[in-house]
1. In segment 30-45, what count of residues is obtained for those that are surrounded by fewer than 21 Cβ atoms within 10 Å (Cβ to Cβ) and β-branched (Val, Ile, Thr)?
2. Hey, any hits in segment 12-29 for a residue that's under 25 Å from residue 2 (Cα atoms), basic (Lys, Arg), open to solvent by 40 Å² or more (accessible area, probe 1.4 Å) and touching a Leu at 6+ places or on another chain (Cβ under 9 Å)?
3. Give me the pairs, please: first residue somewhere in segment 55-66 and on the phi < 0 side of the Ramachandran plot, second residue anywhere and assigned to a loop (DSSP other than H, G, I, E, B), beta-carbon distance under 7 Å, and either six or more positions apart or on two chains.
4. Taking the criterion of being open to solvent by 40 Å² or more (accessible area, probe 1.4 Å), within 11 Å of the chain's Cα centre (by Cα) and of a type in the set (D, E, K, R), would at least one residue in segment 46-57 satisfy it?
5. Here are 65, 76: which of them is within 24 Å of residue 99 (Cα to Cα) and either open to solvent by 50 Å² or more (accessible area, probe 1.4 Å) or not hydroxyl-bearing (Ser, Thr, Tyr) (or both)?
Amino acid sequence: MGRLDGKVAIVTGGARGQGEAEVRLFAAEGAKVVVSDVRADLGQALADELGGDVAFFRHDVSQEEEWDAVVAFATERFGPPTVLVNNAGIAYGAPIAQHSL
């Protein structure tokens, strides 16, 4: 029995680096995991490697409408998400108050 049995996680930026490590750990601990990333090649390869409890969804976190789509995908595939890891990084050179949604 894993510490995350019964959990459904979305890990943004999950195709490589820290996000990939989180996906691997969550899956090893029993979670069903959606790998969310713009790198479809790496994300799909990771999901294929880890098997049926891990699925890839191409998701650009900077696009508001894609959030609804990734949540719908997770819900349809595994059930309602219970964990969100906001790992994806986007670098813009301005104070946060100057950014749009």
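1. Qualifying residue count, segment 30-45: 1.
2. From segment 12-29, those under 25 Å from residue 2 (Cα atoms) are 12-29; that's our starting set.
Those still in the list that are basic (Lys, Arg) too: 16, 24.
Applying the additional criterion that residues be open to solvent by 40 Å² or more (accessible area, probe 1.4 Å) yields 16, 24.
When the remaining residues are screened for being touching a Leu at 6+ places or on another chain (Cβ under 9 Å), the result is 16, 24.
Yes, some residue in segment 12-29 is under 25 Å from residue 2 (Cα atoms), basic (Lys, Arg), open to solvent by 40 Å² or more (accessible area, probe 1.4 Å) and touching a Leu at 6+ places or on another chain (Cβ under 9 Å).
3. Note: pairs meeting the criteria are 58/38; 60/38; 61/88; 61/90; 62/90; 64/101; 66/59; 66/60.
4. Within segment 46-57, none of the residues are open to solvent by 40 Å² or more (accessible area, probe 1.4 Å), within 11 Å of the chain's Cα centre (by Cα) and of a type in the set (D, E, K, R).
5. Only one candidate passes the filter, namely 65.
The values are calculated or read from the model by the stated rules, or taken from the named source; none is laboratory data. From a predicted model like this one, the values you see are computed outputs, not experimental measurements. Neighbour counts run over all protein chains shown; Cβ positions are idealised from the backbone, glycine included. Each accessible area value is taken on the protein alone, full model and side chains, heavy atoms only, with ligands, DNA and RNA left out. Shrake-Rupley method; radii C 1.70, N 1.55, O 1.52, S 1.80 Å.
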